[in-house]
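Structure first, then comments.
The values are calculated or read from the model by the stated rules, or taken from the named source; none is laboratory data. Computed from a predicted structure; not experimentally measured. Note that we place each Cβ from the backbone using ideal geometry, even for glycine, and neighbour counts take in every protein chain shown.
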Amino acid sequence: MKKVVIIDDEAPARNLLKEYLTGFDELLLAAECKNGIEAIGIINVLQPDLIFLDVQMPGKTGFEVLQEVDFIPKVIFSTAYDQYALKAFEVNAVDYLLKPYTKERFANAVKKILTDSNDNIRQVQQLTESLNPNHYPQRILVEQGAKLISISVTDIQWIEADGDYTRLHTHQQSFLSNRSMNELEQKLNPVQFQRVHRSAMIALSAIKEVYREASGPQIVLHNDTVVKVSRTYAEAIKKLMY
């Protein structure tokens, strides 16, 4: 049984979704929300498998909800936007229900989402990252099994290469990201993060000490992790010293 949360500020829209949900025995309605602010708390607590998310709502838009929650489930947008505005969703292949929609359209959307494994997770990740393309993110989404976890960039201590991917080390734990080191270097604010090696990047706020060694500088983080600085990036570290 999969938990479902309906998020829409219009009662008729919520009622229609509840009616159509009765045709799917594998889906259990866990909660319904009337605005974006309420939705953030409900999603974080219940961690539903699937949400039906309106775009324009009081308090927070559907986009803002996805950017601010700590847990990202599978998503079906339910919106009154016209087809032209929805092309942004189509590009990222996140399914949507264009109001008014039929029972058949609802069933197709649900079946599509339920049969996807991690595809919808990655599509939501791409969508949320595209919302503010001209700004460095304050939170980023990383995969954890079949779900996405939202972590604050201020929690990241350092990042190391892990094959073609990267591993993000926070105060509490580590997360495997499907982004490469070069991608993250471009995405994260250079005022906060510094590349120190082909396979390592550090948060400047996490630096505890820097040692000069014959082979090059070594950085000790507040958690006592030692990160070697390669010759390529040694000059960048020297510029940080006063």
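Can you tell me which residue among F77, F71, F24 is at pLDDT below 95, surrounded by 19 or more Cβ atoms within 10 Å (Cβ to Cβ) and of a type outside the set (G, A, S)? Lay out the reasoning, then the answer.
Working: F71 fails: surrounded by 19 or more Cβ atoms within 10 Å (Cβ to Cβ); F24 fails: surrounded by 19 or more Cβ atoms within 10 Å (Cβ to Cβ).
Of the residues listed, the single one that is at pLDDT below 95, surrounded by 19 or more Cβ atoms within 10 Å (Cβ to Cβ) and of a type outside the set (G, A, S) is F77.
Going by the structure shown, is L29 surrounded by fewer than 19 Cβ atoms within 10 Å (Cβ to Cβ) and either in contact with a strand residue (DSSP E or B) (Cβ under 8 Å, 6 or more places away or on another chain) or not in a helix (DSSP H, G or I) (or both)?
yes
Inspect all residues belonging to the stretch 184-193 and state whether any of them is assigned to a strand (DSSP E or B), closer than 26 Å to I149 by Cβ and not aliphatic (A, V, I, L, M).
Yes, some residue in the stretch 184-193 is assigned to a strand (DSSP E or B), closer than 26 Å to I149 by Cβ and not aliphatic (A, V, I, L, M).
What pairs come out if I take residues in the stretch 77-102 that are under 15 Å from L66 (Cα atoms) and outside the structural domain of F52 (by TED's automatic domain parsing) and pair them with residues that are at pLDDT below 70 and loosely packed, with under 13 Cβ neighbours inside 10 Å whose C-beta lies under 6 Å away, six or more apart or interchain?
Matching pairs, first to second residue: none at all.
Do we have any residue at all in the stretch 152-161 that's under 23 Å from I207 (Cα atoms), aromatic (F, W, Y) and modelled with pLDDT of 85 or more? Talk me through it step by step, then tell me what you get.
Taking the stretch 152-161 and keeping what is under 23 Å from I207 (Cα atoms), we get 152-161.
If we keep only those that are aromatic (F, W, Y) as well, we get 158.
Checking which are modelled with pLDDT of 85 or more leaves us with 158.
Yes, because at least one residue in the stretch 152-161 is under 23 Å from I207 (Cα atoms), aromatic (F, W, Y) and modelled with pLDDT of 85 or more.
Given (1) exposed (fewer than 15 other Cβ atoms within 10 Å of the Cβ); (2) under 18 Å from E143 (Cβ atoms); (3) modelled with pLDDT under 90; (4) not basic (K, R), identify the lone condition not met by S177.
Every listed condition holds for S177 apart from (1).
Identify all residues within the stretch 212-242 that are of a type outside the set (D, E, K, R), closer than 16 Å to Q157 by Cα and either over 31 Å from the mean Cα position of the chain (by Cα) or part of a loop (DSSP other than H, G, I, E, B) (or both); write none if there are none.
Listed by number, the residues that qualify are Q218, H222, N223, T225, V229.
I need a count of the residues in the stretch 17-32 that are without any contact (Cβ under 8 Å) to a residue 60 or more places away in the chain and touching a Lys or Arg at 6+ places or on another chain (Cβ under 9 Å). So that I can check it myself, show each step before the final result.
Just the residues of the stretch 17-32 that are without any contact (Cβ under 8 Å) to a residue 60 or more places away in the chain, to begin with: 18-19, 21-22, 25, 28-32.
With touching a Lys or Arg at 6+ places or on another chain (Cβ under 9 Å) added as a condition, the list becomes 19, 28-32.
Looking only at that region, the number is 6.
State all residues of the stretch 1-21 that are under 24 Å from the mean Cα position of the chain (by Cα) and surrounded by 19 or more Cβ atoms within 10 Å (Cβ to Cβ); if no residue qualifies, say none.
V4, V5, I6, I7, D8, listed by residue number.
Checking E213 against (1) on the phi > 0 side of the Ramachandran plot; (2) loosely packed, with under 12 Cβ neighbours inside 10 Å, which test does it fail?
Among (1) on the phi > 0 side of the Ramachandran plot; (2) loosely packed, with under 12 Cβ neighbours inside 10 Å, the lone unmet condition for E213 is (1).
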